[in-house]
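A short reminder: the numbers here are calculations on the coordinates, not readings from a lab. It should be emphasised that the depicted structure is a prediction, and the values quoted were computed from it without experimental measurement. FYI the Cβ positions are ideal-geometry reconstructions off the backbone, even for glycines, and counts take in every protein chain you see.
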Amino acid sequence: MTDIHIDCSINGQKRSFDAPRSALLLDVLREHGYTGAKRGCDTGACGFCTVQVDGEPVTSCVTPLAAVDGTTVETIEGLGSQDDLHPIQAAFVEHSALQCGFCIPGMIMRSKALLETNPEPTEAEVREALADNLCRCTGYKKIVEAVLDAGERMRSSPAVTDGGSEVAGERGAGGPCGRGRSCRHSPGERE
Ligand code: FES
Ligand code: FES
């Protein structure tokens with residue numbers, strides 16, 4: 001099948017890909033080390049694979065790679081580091097808003113897109129924004145509380161938009177995920 005050439009920015013780094021015309025964004029991300037975006041349903045129905053493209057949340061499992069040519073892509077790896085969590089990651093940890101963690105990268109990226117456009121959402125607005133992101137573990141209450149708290153944290157630190165003081169590289173810097181000190185993944189970064 002004919003290849004296409006794509007230039008884009010991922011987490012602040014210029015990236016180029018040659019891939020089959022039919023390639024999907026999630027496949028290419030995961031093949032190139034951005035494994036924070038998770039594969040759940042593969043049909044656009046669970047939100048586990050959510051990333052941001054030009055600030056908008058998209059389900060990468062149904063987004064053609066061709067659609068991100070010339071865009072800015074953000075994945076969970078571009079957020080905080082172990083020593084400097086993004087406020088949304090910090091809020092998820094402090095509110096114990098994760099159990100197995102599989103849905104969390106998508107939840108965080110969807111929440112980030114919400115808080116960047118609506119810095120002070122109501123609980124109803126948070127629930128509506130996250131309606132397409134499923135979680136089989138938490139019951140959503142703690143996730144919603146974490147997002148509301150994250151909004152407060154981001155309003156008091158308005159300079160923080162895409163991570164802490166450093167933007168993690170291709171594979172992310174790792175960090176506490178709520179599973180104990182030995183874990184080196186940021187919340188939502190687990191494979
Ligand atoms: S894996 Fe993409 S929406 Fe479920
Ligand atoms: S924490 Fe397990 S699916 Fe959400």
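Couple of notes before you dig in:
- Exclusive hit being under 26 Å from I4 (Cβ atoms), acidic (D, E) and buried (at least 24 other Cβ atoms within 10 Å of the Cβ), set E56, E77: E77
- The number of residues in segment 88-112 that are over 14 Å from C49 (Cβ atoms) and not aromatic (F, W, Y) comes to 15.
- Test: residue in segment 78-100 that is among the acidic types (D, E) and within 29 Å of R21 (Cα to Cα): no
- Residues within segment 118-136 that are under 18 Å from the mean Cα position of the chain (by Cα) and surrounded by 14 or more Cβ atoms within 10 Å (Cβ to Cβ), tallied: 8
Let's see how each residue does on (1) more than 11 Å from ligand 2 (Cβ to nearest atom); (2) out of contact with any strand residue (DSSP E or B) (no Cβ under 7 Å at 6 or more places or on another chain); (3) within 15 Å of S60 (Cβ to Cβ):
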{"site": "G78", "(1), (2), (3)": "yes, yes, yes"}
{"site": "S96", "(1), (2), (3)": "no, yes, no"}
{"site": "S111", "(1), (2), (3)": "yes, yes, no"}
{"site": "L115", "(1), (2), (3)": "yes, yes, no"}
{"site": "N118", "(1), (2), (3)": "yes, yes, no"}
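To keep it simple, each residue is scored yes or no on (1) over 21 Å from the mean Cα position of the chain (by Cα); (2) under 24 Å from C135 (Cα atoms); (3) away from ligand 2 (no atom under 16 Å from the Cβ); (4) touching a residue at least 12 places away in the same chain (Cβ under 8 Å).
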site	(1), (2), (3), (4)
H5	yes, no, yes, yes
I10	no, no, yes, yes
R15	no, no, yes, yes
L26	no, yes, yes, yes
R30	no, yes, yes, no
R39	no, yes, no, yes
C49	no, yes, no, yes
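- Of residues in segment 137-151 being of a type in the set (D, E, K, R) and surrounded by 14 or more Cβ atoms within 10 Å (Cβ to Cβ), the one nearest to ligand 1 (Cβ to nearest atom): K142
- Residue ID - nearest to T35 (Cα to Cα), chosen from residues in segment 81-109 that are in contact with a Ser or Thr (Cβ under 7 Å, 6 or more places away or on another chain) and within 15 Å of ligand 1 (Cβ to nearest atom): G106
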